[in-house]
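These notes are about the structure you will find just below.
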Amino acid sequence: MTNPLYQIRSQIKTICEKEGFSLVGFVDAKIPESDLANLEEWVQKKRYGNMDWFAKDHALGIRNRFQNLGLTPHSAICLGFVYRSNAGEELVSEMKSKVSRYALGSDYHIILKKKGNQILKILKEMFPNHKFRQSVDSLPVAEKILSRESGIAWQGKNTNLIHPKLGSYFFLSTILTDLELGGPDPEEIITDHCGNCRKCLDVCPTGALEAYQIDARKCISYLTIEDRNEAKATESFLDWNRKGWVYGCDLCQEVCPWNSNVAKRNEVETTEPDFLPRKFWTNPDFINKKGINKREFDVYFEDSPIERIGFEIWNRNLQQRDWKE
């Protein structure tokens with residue numbers, strides 16, 4: 001006799017896969033005590049930099065305890081959507097002003113929200129007496145920890161989630177629900193495969209990484225995106241060699257053997273056209289610019305992840321790209 005819970009999970013998985021999600025996992029909506037302790041230490045040491053919202057959410061108990069979310073979630077449906085493309089790999093390898101692969105196309109928040117809305121519509125029809133709420137970096141919940149606990153990937157030494165066949169170039173989305181869906185099947189949990197490798201730790205030019213830990217204040221992604229001082233960058237921003245990165249940084253992912261293996265096989269490609277690189281990235285009129293005005297910025301980066309930093313920060317990053325090189 002088929003287990004009713006297994007049937008429900010199988011149905012949900014099929015619904016999510018039809019929207020293009022390659023990874024689907026289930027877990028109880030609970031953060032392990034060891035992670036709570038790590039987060040507490042991270043906040044106390046102020047490794048979040050000027051992202052004060054993180055400390056605020058932490059203090060209010062939202063991020064770790066799932067409070068004040070409009071529902072009391074019992075389960076989380078953890079989703080992964082591949083954004084890697086061969087076109088993106090080729091483009092980034094040739095860029096002088098480098099941009100993280102995830103930002104070459106359209107904003108994943110917009111795209112995954114649309115896909116999530118389709119999933120929520122079906123789930124609400126299937127389970128009218130239950131609540132569902134999607135997060136794409138939009139709720140103050142620890143999506144990465146929940147996804148790791150669901151077994152869909154392991155958390156590498158660079159703190160990114162890694163899948164043995166897909167690598168780490170995938171977006172996360174989480175659906176919280178008061179429906180009881182249970183935890184992962186033990187035989188399907190993907191365990192840590194980092195072993196003795198430390199390539200990601202050694203490649204970081206700012207020393208932001210320790211094994212399984214990150215100091216956001218030193219991370220190039222943080223420095224190029226979250227550090228919003230328009231007049232001049234912080235002292236640390238200028239002190240470190242950013243290796244040409246002007247928005248985000250993929251260094252610790254590029255050297256990861258699990259991504260290298262994917263690149264060699266050339267078989268992992270996003271199914272979402274909007275995640276492919278936009279055409280202007282190869283346009284000489286754009287790539288030779290040392291700065292752009294607000295109108296140009298708005299045209300180039302409409303509905304792009306880069307839109308959120310504004311043209312002043314984009315220009316700042318461009319102009320200070322080669323600092324210390």
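The residue of segment 259-269 that is modelled with the highest pLDDT, among those that are assigned to a loop (DSSP other than H, G, I, E, B) and open to solvent by 60 Å² or more (accessible area, probe 1.4 Å), is Glu269. State whether one or more residues within segment 152-171 are part of a loop (DSSP other than H, G, I, E, B), closer than 19 Å to Ile15 by Cα and either open to solvent by less than 10 Å² (accessible area, probe 1.4 Å) or among the aliphatic types (A, V, I, L, M) (or both). Checked segment 152-171: at least one residue is part of a loop (DSSP other than H, G, I, E, B), closer than 19 Å to Ile15 by Cα and either open to solvent by less than 10 Å² (accessible area, probe 1.4 Å) or among the aliphatic types (A, V, I, L, M) (or both). For segment 172-196, the set of residues classified as farther than 30 Å from Gln118 by Cβ and open to solvent by less than 40 Å² (accessible area, probe 1.4 Å) consists of Cys194 only.
Is it fair to say Ile313 is of a type in the set (A, V, I, L, M) and open to solvent by less than 50 Å² (accessible area, probe 1.4 Å)? When the stated conditions are applied, Ile313 passes them. All conditions in (1) in a helix (DSSP H, G or I); (2) crowded, with 22+ Cβ neighbours inside 10 Å; (3) aromatic (Phe, Trp, Tyr) hold for Tyr102, with the sole exception of (2).
Residue check: is Leu120 farther than 25 Å from Asp250 by Cβ, in contact with a strand residue (DSSP E or B) (Cβ under 6 Å, 6 or more places away or on another chain) and at pLDDT 95 or above? In short, yes. Return yes or no: is Gln134 out of contact with any Pro (no Cβ under 9 Å at 6 or more places or on another chain) and open to solvent by less than 20 Å² (accessible area, probe 1.4 Å)? Against the criterion (out of contact with any Pro (no Cβ under 9 Å at 6 or more places or on another chain) and open to solvent by less than 20 Å² (accessible area, probe 1.4 Å)), Gln134 qualifies. Taking segment 284-293 only, how many residues are under 15 Å from Lys96 (Cβ atoms) and either surrounded by 12 or more Cβ atoms within 10 Å (Cβ to Cβ) or touching a strand residue (DSSP E or B) at 6+ places or on another chain (Cβ under 9 Å) (or both)? Result for segment 284-293: 4. Looking at Lys144, Lys199, can you tell me which residue is within 15 Å of the chain's Cα centre (by Cα) and surrounded by fewer than 18 Cβ atoms within 10 Å (Cβ to Cβ)? Among Lys144, Lys199, only Lys144 is within 15 Å of the chain's Cα centre (by Cα) and surrounded by fewer than 18 Cβ atoms within 10 Å (Cβ to Cβ).
Of the numbered criteria (1) charged (D, E, K, R); (2) open to solvent by less than 30 Å² (accessible area, probe 1.4 Å); (3) at pLDDT below 95, the one Glu272 fails is (3). The set of residues in segment 172-209 that are β-branched (Val, Ile, Thr) and part of a strand (DSSP E or B) comprises Thr174, Ile175, Thr177. What about Asn50, is it open to solvent by 30 Å² or more (accessible area, probe 1.4 Å), farther than 18 Å from Cys16 by Cβ and at pLDDT below 95? Taking the combined requirement at face value, the residue satisfies it.
In segment 227-258, which residues are modelled with pLDDT under 90, open to solvent by less than 60 Å² (accessible area, probe 1.4 Å) and not in a loop (DSSP other than H, G, I, E, B)? If the condition is that a residue be modelled with pLDDT under 90, open to solvent by less than 60 Å² (accessible area, probe 1.4 Å) and not in a loop (DSSP other than H, G, I, E, B), then Ser236, Phe237, Leu238 are the ones that fit.
The values are calculated or read from the model by the stated rules, or taken from the named source; none is laboratory data. All of these numbers come straight from a predicted model, not from anything done at the bench. When we count neighbours, we look across all protein chains shown, and the Cβ atoms used for this are built from the backbone with ideal geometry, even at glycine. When the accessible area is computed, the model is the full protein with side chains, heavy atoms only, and any ligands, DNA or RNA have been set aside. Shrake-Rupley method; radii C 1.70, N 1.55, O 1.52, S 1.80 Å.
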